[in-house]
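S.K.: One structure coming up, written as structure tokens, with questions to follow.
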Amino acid sequence: MNIVSISGSPSLRSRSSWLLRLAQTRLESQARNTTTIAVRELPPQALLHADAKAEPIRHALDQLADADLVIVATPIYKAAYSGVLKLFLDLLPPDALRGKTVLPLATGGTIAHLLALDYALKPVLSVLGARDILDGVFATDDQLVPHESGGYAPNDILVARLDRALQPLIPRINATRREVAISAL
Ligand SMILES: Cc1cc2nc3c(=O)[nH]c(=O)nc-3n(C[C@H](O)[C@H](O)[C@H](O)COP(=O)(O)O)c2cc1C
């Protein structure tokens with residue numbers, strides 16, 4: 001399985017990016033190749049001007065085209081996904097996600113915005129052709145406790161929800177390995 005992940009946080013130390021890494025780790029046994037597109041590292045000018053021909057953007061789009069599984073991770077900003085992520089999604093060609101499995105992930109300060117994945121992000125994934133969308137996983141900040149390693153310690157319920165979302169891809173996920181789970185990004 002070729003896994004391409006899109007990290008939509010503008011933050012360097014990012015909970016949503018860390019959750020994305022945790023998902024990648026859980027999928028290790030299934031992955032032929034794992035790539036992460038960090039939108040914050042793409043050239044801002046090209047993103048703002050929707051310049052899909054800029055080399056780093058073209059490279060990211062090529063990577064996405066080859067994906068079997070696309071993991072999309074975002075922080076919740078103002079009850080929706082991040083603007084940084086939207087800039088990247090707007091550059092994708094129509095049907096960019098057709099035929100791919102998509103896993104949406106989000107972190108937010110409040111459980112009140114749990115449904116942002118469903119009412120904000122999923123319609124965009126759908127318009128891009130995604131038909132096989134796995135259960136979204138939303139984590140609140142207090143479910144990802146900062147760890148001295150620079151990473152986060154996820155609570156057990158969150159790991160169980162993530163594994164359940166990944167179940168269609170891995171019939172039997174390995175037992176939780178917390179030393180992996182709390183390592184730095
Ligand atoms: C500008 C801004 C707006 C935010 N708006 C919301 C919000 O509407 N709802 C929410 O649950 N959390 C909100 N948060 C909190 C973040 O979603 C939360 O801390 C998230 O885990 C950050 O993810 P990141 O570390 O990957 O950037 C906001 C944070 C910022 C900086």
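The values are calculated or read from the model by the stated rules, or taken from the named source; none is laboratory data. All values reported here derive from a predicted model rather than from experimental measurement. FYI the Cβ positions are ideal-geometry reconstructions off the backbone, even for glycines, and counts take in every protein chain you see. With ligands, DNA and RNA removed, areas are computed over all heavy atoms of the protein, side chains included. Shrake-Rupley method; radii C 1.70, N 1.55, O 1.52, S 1.80 Å.
S.K.: Does residue 105 satisfy the criteria of being on the phi < 0 side of the Ramachandran plot, within 16 Å of the ligand (Cβ to nearest atom) and in contact with a helix residue (DSSP H, G or I) (Cβ under 7 Å, 6 or more places away or on another chain)?
M.R.: Against the criterion (on the phi < 0 side of the Ramachandran plot, within 16 Å of the ligand (Cβ to nearest atom) and in contact with a helix residue (DSSP H, G or I) (Cβ under 7 Å, 6 or more places away or on another chain)), residue 105 qualifies.
S.K.: Let me ask something additional. In region 108-125, which residues are within 11 Å of the ligand (Cβ to nearest atom), open to solvent by less than 50 Å² (accessible area, probe 1.4 Å) and either within 23 Å of residue 12 (Cα to Cα) or part of a loop (DSSP other than H, G, I, E, B) (or both)?
M.R.: Passing the criteria: 108, 116.
S.K.: Also: Across region 13-41, which residue is surrounded by the fewest Cβ atoms within 10 Å (Cβ to Cβ) among those that are part of a loop (DSSP other than H, G, I, E, B) and either more than 9 Å from the ligand (Cβ to nearest atom) or under 13 Å from the mean Cα position of the chain (by Cα) (or both)?
M.R.: Checking each candidate, the answer is 32.
S.K.: Across region 126-135, what is the number of residues that are open to solvent by 30 Å² or more (accessible area, probe 1.4 Å) and within 14 Å of the chain's Cα centre (by Cα)?
M.R.: The number of residues fulfilling the criteria is 2.
S.K.: Moving to a separate point now. Just to be sure, is residue 96 open to solvent by less than 40 Å² (accessible area, probe 1.4 Å), modelled with pLDDT of 95 or more, in contact with a helix residue (DSSP H, G or I) (Cβ under 7 Å, 6 or more places away or on another chain) and not hydroxyl-bearing (Ser, Thr, Tyr)?
M.R.: yes
S.K.: All but one of (1) exposed (fewer than 14 other Cβ atoms within 10 Å of the Cβ); (2) aromatic (Phe, Trp, Tyr); (3) within 11 Å of the ligand (Cβ to nearest atom) hold for residue 138, so report the exception by its number.
M.R.: That leaves (1) as the condition not met.
S.K.: Right, next: Can you find a residue in region 144-156 that is open to solvent by 60 Å² or more (accessible area, probe 1.4 Å), over 15 Å from the mean Cα position of the chain (by Cα) and within 14 Å of the ligand (Cβ to nearest atom)?
M.R.: yes
S.K.: Hey, any hits in region 85-95 for a residue that's part of a strand (DSSP E or B) and away from the ligand (no atom under 16 Å from the Cβ)?
M.R.: Taking every residue of region 85-95 in turn, none turns out to be part of a strand (DSSP E or B) and away from the ligand (no atom under 16 Å from the Cβ).
S.K.: Which residues, counting only those in region 6-26, are in contact with a helix residue (DSSP H, G or I) (Cβ under 8 Å, 6 or more places away or on another chain) and either of a type in the set (Asp, Glu) or under 18 Å from residue 97 (Cβ atoms) (or both)?
M.R.: Scanning region 6-26 gives 6, 7, 8, 23.
S.K.: Which ones in region 65-80 are crowded, with 19+ Cβ neighbours inside 10 Å and under 13 Å from residue 128 (Cβ atoms)?
M.R.: Across region 65-80, the qualifying residues are 67, 70, 72.
S.K.: Given the criteria within 16 Å of the ligand (Cβ to nearest atom), open to solvent by less than 80 Å² (accessible area, probe 1.4 Å) and without any contact (Cβ under 8 Å) to a residue 40 or more places away in the chain, does residue 56 qualify?
M.R.: Answer is no for this residue.
S.K.: Of the residues 85, 117, which is modelled with pLDDT of 95 or more and in contact with a Ser or Thr (Cβ under 7 Å, 6 or more places away or on another chain)?
M.R.: Only one candidate qualifies: 85.
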